[in-house]
1. Which condition number in (1) free of Cβ contacts under 8 Å to residues at least 12 places away in the same chain; (2) β-branched (Val, Ile, Thr); (3) away from the ligand (no atom under 16 Å from the Cβ) is the one that residue 237 fails?
2. With the structure loaded, tell me whether residue 175 is within 16 Å of the ligand (Cβ to nearest atom), over 28 Å from residue 242 (Cα atoms) and either in contact (Cβ under 8 Å) with a residue 12 or more places away in the chain or not in a helix (DSSP H, G or I) (or both) or whether it fails that test.
3. Which of the residues spanning segment 61-98 are assigned to a loop (DSSP other than H, G, I, E, B) and either without any contact (Cβ under 8 Å) to a residue 24 or more places away in the chain or not hydrophobic (A, V, I, L, M, F, W, C) (or both)?
4. When residue 227 is evaluated against the numbered criteria (1) under 30 Å from residue 55 (Cα atoms); (2) surrounded by 14 or more Cβ atoms within 10 Å (Cβ to Cβ), which criterion, by number, is the only one it fails?
5. Condition check: hydroxyl-bearing (Ser, Thr, Tyr) and touching a residue at least 12 places away in the same chain (Cβ under 8 Å). Does residue 214 satisfy that?
6. On the given criteria, is residue 169 more than 16 Å from the ligand (Cβ to nearest atom), without any contact (Cβ under 8 Å) to a residue 12 or more places away in the chain, assigned to a helix (DSSP H, G or I) and under 17 Å from residue 113 (Cα atoms)?
7. Return a yes/no flag: does segment 114-122 have any residue that is of a type in the set (A, V, I, L, M, F, W, C) and touching an Asp or Glu at 6+ places or on another chain (Cβ under 6 Å).
8. For segment 99-157, enumerate the residues that are without any contact (Cβ under 8 Å) to a residue 24 or more places away in the chain, outside any helix (DSSP H, G or I) and within 16 Å of the ligand (Cβ to nearest atom).
Amino acid sequence: MRGRSWPRLVSACPCLSSAGPGSGRTSGQARMEGLLLFLALLGSALLLGLAAVSFSLVWTCYYREGLGWDGGAPEFNWHPVLMVTGFIFVQGLAIIVYRLPWTWKCNKLLMKLIHAGLNSIAFTLAVISLVAVFDFHNAKKIPNMYSLHSWIGLTAVILYGLQIFVGIAVFLFPFAPASLRAAIMPIHVYSGLFLFGTVIATALMGITEKLIFSLRIPEPRYSDFPDEALVVNTLGVILVVFGVLVLWVVTRAHWKRPAENTSKLQQNVGRLDYNEEGLVMADESAVEANGEAVARKRNPILDEAGQRSTM
Ligand code: HEM
(Lines give C-alpha, C1' and ligand atoms only; values in the text may rest on other atoms or scores of the structure.)
Protein backbone atom coordinates (compact mmCIF):
# COMPACT_ATOMS: atom_id res chain seq x y z
CA MET A 1 0.00 0.00 0.00
CA ARG A 2 2.27 2.70 -1.35
CA GLY A 3 2.21 5.98 0.60
CA ARG A 4 -1.24 5.43 2.05
CA SER A 5 -2.07 4.38 5.58
CA TRP A 6 -5.07 2.22 6.44
CA PRO A 7 -7.01 4.97 8.28
CA ARG A 8 -6.57 7.35 5.32
CA LEU A 9 -7.52 4.65 2.91
CA VAL A 10 -10.56 3.79 4.95
CA SER A 11 -11.69 7.38 5.23
CA ALA A 12 -11.18 7.87 1.50
CA CYS A 13 -13.47 4.95 0.73
CA PRO A 14 -17.15 5.42 1.40
CA CYS A 15 -17.35 1.84 0.19
CA LEU A 16 -15.94 0.69 3.51
CA SER A 17 -18.55 2.57 5.48
CA SER A 18 -21.83 1.21 6.73
CA ALA A 19 -22.89 4.24 8.82
CA GLY A 20 -26.24 5.68 7.86
CA PRO A 21 -27.77 8.97 8.92
CA GLY A 22 -28.85 8.78 12.52
CA SER A 23 -27.11 5.49 13.08
CA GLY A 24 -25.66 6.83 16.34
CA ARG A 25 -22.13 5.76 15.40
CA THR A 26 -19.38 8.01 14.15
CA SER A 27 -18.63 7.49 10.50
CA GLY A 28 -15.04 6.62 11.47
CA GLN A 29 -16.25 3.74 13.67
CA ALA A 30 -18.59 2.49 10.98
CA ARG A 31 -15.88 2.61 8.35
CA MET A 32 -13.53 0.68 10.58
CA GLU A 33 -16.26 -1.90 11.22
CA GLY A 34 -16.86 -2.16 7.48
CA LEU A 35 -13.17 -2.70 6.93
CA LEU A 36 -12.90 -5.26 9.71
CA LEU A 37 -15.88 -7.17 8.35
CA PHE A 38 -14.34 -7.15 4.87
CA LEU A 39 -11.01 -8.38 6.24
CA ALA A 40 -12.73 -11.06 8.35
CA LEU A 41 -14.64 -12.38 5.34
CA LEU A 42 -11.59 -12.20 3.10
CA GLY A 43 -9.41 -13.95 5.70
CA SER A 44 -12.04 -16.65 6.22
CA ALA A 45 -12.32 -17.20 2.47
CA LEU A 46 -8.54 -17.55 2.15
CA LEU A 47 -8.34 -19.97 5.08
CA LEU A 48 -11.21 -22.05 3.69
CA GLY A 49 -9.62 -22.10 0.24
CA LEU A 50 -6.33 -23.33 1.71
CA ALA A 51 -8.21 -25.85 3.86
CA ALA A 52 -9.97 -27.19 0.74
CA VAL A 53 -6.63 -27.70 -1.02
CA SER A 54 -5.25 -29.45 2.10
CA PHE A 55 -8.31 -31.71 2.42
CA SER A 56 -8.05 -32.73 -1.23
CA LEU A 57 -4.38 -33.66 -0.65
CA VAL A 58 -5.17 -35.58 2.55
CA TRP A 59 -7.93 -37.44 0.72
CA THR A 60 -5.81 -38.44 -2.27
CA CYS A 61 -2.49 -38.99 -0.49
CA TYR A 62 -3.58 -40.46 2.86
CA TYR A 63 -6.84 -42.31 2.09
CA ARG A 64 -6.13 -43.06 -1.59
CA GLU A 65 -3.12 -44.01 -3.69
CA GLY A 66 -1.30 -40.66 -3.80
CA LEU A 67 -0.31 -38.73 -6.91
CA GLY A 68 1.45 -39.99 -10.02
CA TRP A 69 1.20 -40.05 -13.82
CA ASP A 70 0.96 -43.74 -14.66
CA GLY A 71 -2.53 -44.23 -16.10
CA GLY A 72 -3.66 -45.63 -12.73
CA ALA A 73 -5.47 -44.30 -9.66
CA PRO A 74 -2.63 -41.87 -8.73
CA GLU A 75 -3.11 -40.18 -12.10
CA PHE A 76 -6.86 -39.86 -11.53
CA ASN A 77 -6.08 -38.23 -8.17
CA TRP A 78 -4.65 -35.18 -9.92
CA HIS A 79 -8.21 -34.54 -11.11
CA PRO A 80 -9.75 -33.53 -7.75
CA VAL A 81 -6.53 -31.94 -6.47
CA LEU A 82 -6.07 -29.66 -9.49
CA MET A 83 -9.77 -28.86 -9.83
CA VAL A 84 -9.99 -27.79 -6.19
CA THR A 85 -6.68 -25.91 -6.26
CA GLY A 86 -6.94 -24.30 -9.68
CA PHE A 87 -10.49 -24.21 -10.86
CA ILE A 88 -11.96 -23.32 -7.47
CA PHE A 89 -9.35 -21.70 -5.20
CA VAL A 90 -7.35 -19.78 -7.81
CA GLN A 91 -10.52 -18.78 -9.67
CA GLY A 92 -11.93 -17.47 -6.36
CA LEU A 93 -8.78 -15.36 -5.90
CA ALA A 94 -9.09 -14.03 -9.46
CA ILE A 95 -12.68 -12.99 -8.81
CA ILE A 96 -11.91 -11.21 -5.56
CA VAL A 97 -8.69 -9.47 -6.56
CA TYR A 98 -10.30 -6.14 -7.59
CA ARG A 99 -11.89 -5.87 -4.15
CA LEU A 100 -8.67 -5.66 -2.17
CA PRO A 101 -8.51 -2.03 -0.96
CA TRP A 102 -4.72 -1.97 -0.95
CA THR A 103 -4.75 -2.57 -4.74
CA TRP A 104 -6.97 0.39 -5.52
CA LYS A 105 -3.96 2.65 -5.94
CA CYS A 106 -2.49 0.19 -8.43
CA ASN A 107 -2.72 0.86 -12.11
CA LYS A 108 -5.93 -0.66 -13.54
CA LEU A 109 -3.98 -2.35 -16.34
CA LEU A 110 -1.81 -4.13 -13.77
CA MET A 111 -4.94 -5.33 -11.96
CA LYS A 112 -6.41 -6.58 -15.23
CA LEU A 113 -3.17 -8.48 -15.92
CA ILE A 114 -3.27 -10.06 -12.45
CA HIS A 115 -6.95 -10.97 -12.91
CA ALA A 116 -6.36 -12.42 -16.39
CA GLY A 117 -3.21 -14.20 -15.18
CA LEU A 118 -4.93 -15.88 -12.23
CA ASN A 119 -7.84 -16.95 -14.45
CA SER A 120 -5.39 -18.35 -17.01
CA ILE A 121 -3.59 -20.32 -14.28
CA ALA A 122 -6.96 -21.69 -13.10
CA PHE A 123 -7.86 -22.65 -16.67
CA THR A 124 -4.48 -24.36 -17.27
CA LEU A 125 -4.78 -26.42 -14.07
CA ALA A 126 -8.36 -27.38 -15.02
CA VAL A 127 -7.19 -28.58 -18.45
CA ILE A 128 -4.31 -30.64 -16.94
CA SER A 129 -6.82 -32.09 -14.50
CA LEU A 130 -9.06 -33.11 -17.42
CA VAL A 131 -6.13 -34.69 -19.25
CA ALA A 132 -5.47 -36.75 -16.11
CA VAL A 133 -9.02 -38.10 -15.86
CA PHE A 134 -9.40 -38.79 -19.61
CA ASP A 135 -6.01 -40.53 -19.64
CA PHE A 136 -7.00 -42.61 -16.63
CA HIS A 137 -10.33 -43.58 -18.23
CA ASN A 138 -8.66 -44.52 -21.51
CA ALA A 139 -5.96 -46.59 -19.78
CA LYS A 140 -8.59 -48.45 -17.74
CA LYS A 141 -11.03 -48.72 -20.69
CA ILE A 142 -13.67 -46.79 -18.76
CA PRO A 143 -16.14 -44.93 -21.02
CA ASN A 144 -15.77 -41.15 -21.26
CA MET A 145 -18.41 -38.47 -20.81
CA TYR A 146 -21.27 -40.65 -19.56
CA SER A 147 -22.09 -38.81 -16.33
CA LEU A 148 -23.95 -35.57 -15.57
CA HIS A 149 -20.79 -34.47 -13.71
CA SER A 150 -18.73 -34.85 -16.88
CA TRP A 151 -21.28 -33.01 -19.07
CA ILE A 152 -21.58 -30.00 -16.79
CA GLY A 153 -17.85 -30.07 -15.99
CA LEU A 154 -16.62 -30.10 -19.59
CA THR A 155 -19.14 -27.40 -20.56
CA ALA A 156 -17.90 -25.24 -17.67
CA VAL A 157 -14.26 -25.63 -18.73
CA ILE A 158 -15.07 -24.73 -22.35
CA LEU A 159 -17.17 -21.70 -21.35
CA TYR A 160 -14.47 -20.61 -18.92
CA GLY A 161 -11.90 -20.74 -21.74
CA LEU A 162 -14.25 -18.65 -23.88
CA GLN A 163 -14.77 -16.21 -21.01
CA ILE A 164 -11.02 -15.70 -20.70
CA PHE A 165 -10.59 -15.29 -24.47
CA VAL A 166 -13.37 -12.70 -24.76
CA GLY A 167 -12.21 -10.94 -21.60
CA ILE A 168 -8.64 -10.56 -22.86
CA ALA A 169 -9.75 -9.52 -26.37
CA VAL A 170 -12.24 -6.92 -25.16
CA PHE A 171 -10.86 -5.57 -21.88
CA LEU A 172 -7.11 -6.12 -22.00
CA PHE A 173 -6.22 -5.15 -25.56
CA PRO A 174 -6.88 -1.51 -26.37
CA PHE A 175 -8.81 -2.18 -29.60
CA ALA A 176 -12.40 -2.62 -28.41
CA PRO A 177 -14.48 0.59 -28.42
CA ALA A 178 -15.83 1.80 -25.09
CA SER A 179 -19.39 1.02 -26.16
CA LEU A 180 -18.47 -2.63 -26.77
CA ARG A 181 -16.68 -2.86 -23.42
CA ALA A 182 -19.68 -1.36 -21.70
CA ALA A 183 -22.05 -3.76 -23.45
CA ILE A 184 -19.95 -6.85 -22.69
CA MET A 185 -19.13 -6.01 -19.08
CA PRO A 186 -22.43 -7.06 -17.44
CA ILE A 187 -22.37 -10.32 -19.40
CA HIS A 188 -18.75 -10.89 -18.40
CA VAL A 189 -19.55 -10.30 -14.73
CA TYR A 190 -22.67 -12.45 -14.77
CA SER A 191 -21.10 -15.35 -16.62
CA GLY A 192 -17.97 -15.21 -14.45
CA LEU A 193 -19.98 -15.54 -11.24
CA PHE A 194 -22.32 -18.12 -12.77
CA LEU A 195 -19.39 -20.27 -13.91
CA PHE A 196 -17.75 -20.05 -10.50
CA GLY A 197 -20.94 -21.35 -8.86
CA THR A 198 -21.30 -24.04 -11.51
CA VAL A 199 -17.75 -25.26 -10.96
CA ILE A 200 -18.38 -25.68 -7.23
CA ALA A 201 -21.59 -27.60 -7.92
CA THR A 202 -19.69 -29.79 -10.39
CA ALA A 203 -17.03 -30.53 -7.77
CA LEU A 204 -19.74 -31.62 -5.31
CA MET A 205 -21.12 -34.03 -7.91
CA GLY A 206 -17.64 -35.39 -8.63
CA ILE A 207 -16.83 -35.82 -4.94
CA THR A 208 -20.05 -37.74 -4.32
CA GLU A 209 -19.51 -39.96 -7.37
CA LYS A 210 -15.97 -40.77 -6.37
CA LEU A 211 -16.96 -41.65 -2.80
CA ILE A 212 -19.70 -43.96 -4.08
CA PHE A 213 -17.31 -45.59 -6.59
CA SER A 214 -14.40 -46.09 -4.24
CA LEU A 215 -16.08 -46.82 -0.90
CA ARG A 216 -17.61 -50.07 -2.15
CA ILE A 217 -15.20 -52.93 -2.37
CA PRO A 218 -13.71 -53.88 0.00
CA GLU A 219 -15.73 -52.60 2.94
CA PRO A 220 -16.42 -50.03 4.38
CA ARG A 221 -19.09 -48.65 2.09
CA TYR A 222 -19.98 -44.96 1.86
CA SER A 223 -23.16 -45.66 3.83
CA ASP A 224 -21.03 -47.01 6.70
CA PHE A 225 -19.73 -43.42 7.02
CA PRO A 226 -16.01 -44.20 7.48
CA ASP A 227 -13.40 -41.53 8.31
CA GLU A 228 -12.68 -40.96 4.64
CA ALA A 229 -16.33 -40.05 4.01
CA LEU A 230 -16.26 -37.61 6.92
CA VAL A 231 -13.12 -35.91 5.57
CA VAL A 232 -14.42 -35.72 2.01
CA ASN A 233 -17.94 -34.59 2.96
CA THR A 234 -16.23 -31.86 4.98
CA LEU A 235 -14.24 -30.91 1.87
CA GLY A 236 -17.57 -30.45 0.07
CA VAL A 237 -18.94 -28.23 2.85
CA ILE A 238 -15.74 -26.14 2.82
CA LEU A 239 -16.08 -25.62 -0.93
CA VAL A 240 -19.68 -24.43 -0.54
CA VAL A 241 -18.80 -21.96 2.24
CA PHE A 242 -15.77 -20.73 0.26
CA GLY A 243 -18.07 -20.07 -2.70
CA VAL A 244 -20.64 -18.30 -0.53
CA LEU A 245 -17.98 -15.99 0.95
CA VAL A 246 -16.38 -15.13 -2.39
CA LEU A 247 -19.77 -14.42 -3.98
CA TRP A 248 -20.89 -12.37 -0.98
CA VAL A 249 -17.79 -10.19 -0.91
CA VAL A 250 -17.78 -9.64 -4.65
CA THR A 251 -21.46 -8.74 -4.92
CA ARG A 252 -21.41 -6.06 -2.16
CA ALA A 253 -21.60 -2.79 -4.08
CA HIS A 254 -20.07 -0.86 -1.15
CA TRP A 255 -16.84 -2.89 -1.30
CA LYS A 256 -16.22 -2.26 -4.95
CA ARG A 257 -13.15 -0.57 -6.37
CA PRO A 258 -13.86 3.18 -6.66
CA ALA A 259 -14.25 4.55 -10.19
CA GLU A 260 -11.03 5.87 -11.60
CA ASN A 261 -10.41 8.95 -13.73
CA THR A 262 -13.38 10.64 -12.10
CA SER A 263 -11.91 14.13 -12.21
CA LYS A 264 -10.67 13.82 -15.80
CA LEU A 265 -14.02 12.41 -16.69
CA GLN A 266 -15.82 15.40 -15.22
CA GLN A 267 -13.60 17.74 -17.25
CA ASN A 268 -14.17 15.88 -20.50
CA VAL A 269 -17.58 14.36 -20.40
CA GLY A 270 -19.30 17.49 -21.67
CA ARG A 271 -17.25 17.34 -24.86
CA LEU A 272 -18.18 13.77 -25.67
CA ASP A 273 -20.86 12.25 -27.75
CA TYR A 274 -21.80 8.64 -27.90
CA ASN A 275 -23.29 6.82 -30.83
CA GLU A 276 -23.59 3.28 -32.13
CA GLU A 277 -19.99 3.34 -33.26
CA GLY A 278 -18.73 4.27 -29.81
CA LEU A 279 -17.42 7.53 -28.42
CA VAL A 280 -17.19 10.56 -30.63
CA MET A 281 -14.94 13.32 -29.40
CA ALA A 282 -12.82 16.08 -30.83
CA ASP A 283 -9.96 15.27 -28.47
CA GLU A 284 -9.02 11.64 -29.19
CA SER A 285 -6.55 11.46 -26.31
CA ALA A 286 -9.31 12.20 -23.82
CA VAL A 287 -11.36 9.38 -25.32
CA GLU A 288 -8.44 7.09 -24.74
CA ALA A 289 -7.93 8.37 -21.22
CA ASN A 290 -11.54 8.02 -20.20
CA GLY A 291 -12.62 5.06 -22.40
CA GLU A 292 -14.56 2.68 -20.26
CA ALA A 293 -15.21 5.24 -17.52
CA VAL A 294 -17.10 7.56 -19.84
CA ALA A 295 -19.44 4.84 -20.99
CA ARG A 296 -20.11 4.06 -17.35
CA LYS A 297 -20.75 7.70 -16.52
CA ARG A 298 -23.37 7.77 -19.24
CA ASN A 299 -25.02 4.66 -17.93
CA PRO A 300 -25.00 4.13 -14.17
CA ILE A 301 -26.11 0.51 -14.60
CA LEU A 302 -23.00 -0.17 -16.63
CA ASP A 303 -20.97 1.64 -14.03
CA GLU A 304 -22.28 -0.72 -11.38
CA ALA A 305 -21.48 -3.71 -13.56
CA GLY A 306 -18.10 -2.33 -14.44
CA GLN A 307 -17.16 -1.83 -10.85
CA ARG A 308 -17.84 -5.46 -10.28
CA SER A 309 -15.55 -6.08 -13.20
CA THR A 310 -13.70 -9.33 -13.05
CA MET A 311 -11.67 -8.37 -16.06
C1 HEM B 1 -14.60 -28.74 -10.15
C2 HEM B 1 -14.47 -28.93 -11.37
C3 HEM B 1 -14.55 -30.25 -12.09
C4 HEM B 1 -14.75 -30.38 -13.41
C5 HEM B 1 -14.93 -29.23 -14.36
C6 HEM B 1 -14.73 -31.78 -13.72
C7 HEM B 1 -14.88 -32.29 -14.99
C8 HEM B 1 -14.89 -33.65 -15.30
C9 HEM B 1 -15.03 -34.21 -16.61
C10 HEM B 1 -15.21 -33.39 -17.88
C11 HEM B 1 -14.98 -35.54 -16.50
C12 HEM B 1 -15.13 -36.55 -17.64
C13 HEM B 1 -13.84 -37.31 -17.91
C14 HEM B 1 -14.10 -38.50 -18.82
O15 HEM B 1 -15.25 -38.75 -19.15
O16 HEM B 1 -13.12 -39.18 -19.14
C17 HEM B 1 -14.83 -35.85 -15.11
C18 HEM B 1 -14.77 -37.11 -14.59
C19 HEM B 1 -14.76 -37.41 -13.26
N20 HEM B 1 -14.61 -36.52 -12.23
FE21 HEM B 1 -14.57 -34.53 -12.39
N22 HEM B 1 -14.53 -32.47 -12.56
C23 HEM B 1 -14.41 -31.59 -11.53
C24 HEM B 1 -14.14 -31.87 -10.22
C25 HEM B 1 -14.12 -33.15 -9.69
C26 HEM B 1 -13.86 -33.46 -8.32
C27 HEM B 1 -13.52 -32.45 -7.21
C28 HEM B 1 -13.95 -34.79 -8.21
C29 HEM B 1 -13.71 -35.58 -6.95
C30 HEM B 1 -13.05 -36.68 -6.96
C31 HEM B 1 -14.29 -35.33 -9.50
C32 HEM B 1 -14.51 -36.66 -9.80
C33 HEM B 1 -14.66 -37.20 -11.06
C34 HEM B 1 -14.86 -38.60 -11.34
C35 HEM B 1 -15.01 -39.72 -10.31
C36 HEM B 1 -14.91 -38.74 -12.72
C37 HEM B 1 -15.10 -40.04 -13.50
C38 HEM B 1 -16.54 -40.39 -13.63
C39 HEM B 1 -17.28 -39.44 -14.52
O40 HEM B 1 -16.94 -39.31 -15.70
O41 HEM B 1 -18.19 -38.80 -14.01
N42 HEM B 1 -14.36 -34.31 -10.38
N43 HEM B 1 -14.77 -34.69 -14.40
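1. Single failed check for residue 237: (3).
2. Considered against the rule, which asks whether it is within 16 Å of the ligand (Cβ to nearest atom), over 28 Å from residue 242 (Cα atoms) and either in contact (Cβ under 8 Å) with a residue 12 or more places away in the chain or not in a helix (DSSP H, G or I) (or both), residue 175 comes out as no.
3. Filtering segment 61-98 for residues assigned to a loop (DSSP other than H, G, I, E, B) gives 64-72.
Within segment 61-98, 64, 65, 66, 67, 68, 70, 71, 72 qualify.
4. That leaves (2) as the condition not met.
5. On the way: hydroxyl-bearing (Ser, Thr, Tyr): yes; touching a residue at least 12 places away in the same chain (Cβ under 8 Å): yes.
Against the criterion (hydroxyl-bearing (Ser, Thr, Tyr) and touching a residue at least 12 places away in the same chain (Cβ under 8 Å)), residue 214 qualifies.
6. On the way: more than 16 Å from the ligand (Cβ to nearest atom): yes; without any contact (Cβ under 8 Å) to a residue 12 or more places away in the chain: yes; assigned to a helix (DSSP H, G or I): yes; under 17 Å from residue 113 (Cα atoms): yes.
For residue 169, the condition - more than 16 Å from the ligand (Cβ to nearest atom), without any contact (Cβ under 8 Å) to a residue 12 or more places away in the chain, assigned to a helix (DSSP H, G or I) and under 17 Å from residue 113 (Cα atoms) - is met.
7. Taking segment 114-122 and keeping what is of a type in the set (A, V, I, L, M, F, W, C), we get 114, 116, 118, 121-122.
When the remaining residues are screened for being touching an Asp or Glu at 6+ places or on another chain (Cβ under 6 Å), the result is none.
The answer is no, given that none of the residues of segment 114-122 is of a type in the set (A, V, I, L, M, F, W, C) and touching an Asp or Glu at 6+ places or on another chain (Cβ under 6 Å).
8. Once the filter is applied, which keeps residues that are without any contact (Cβ under 8 Å) to a residue 24 or more places away in the chain, outside any helix (DSSP H, G or I) and within 16 Å of the ligand (Cβ to nearest atom), segment 99-157 yields 141, 142, 143, 144, 145, 146.
The values are calculated or read from the model by the stated rules, or taken from the named source; none is laboratory data. All figures in this text were calculated on a predicted structure; none of them were measured in a lab. Note that we place each Cβ from the backbone using ideal geometry, even for glycine, and neighbour counts take in every protein chain shown.
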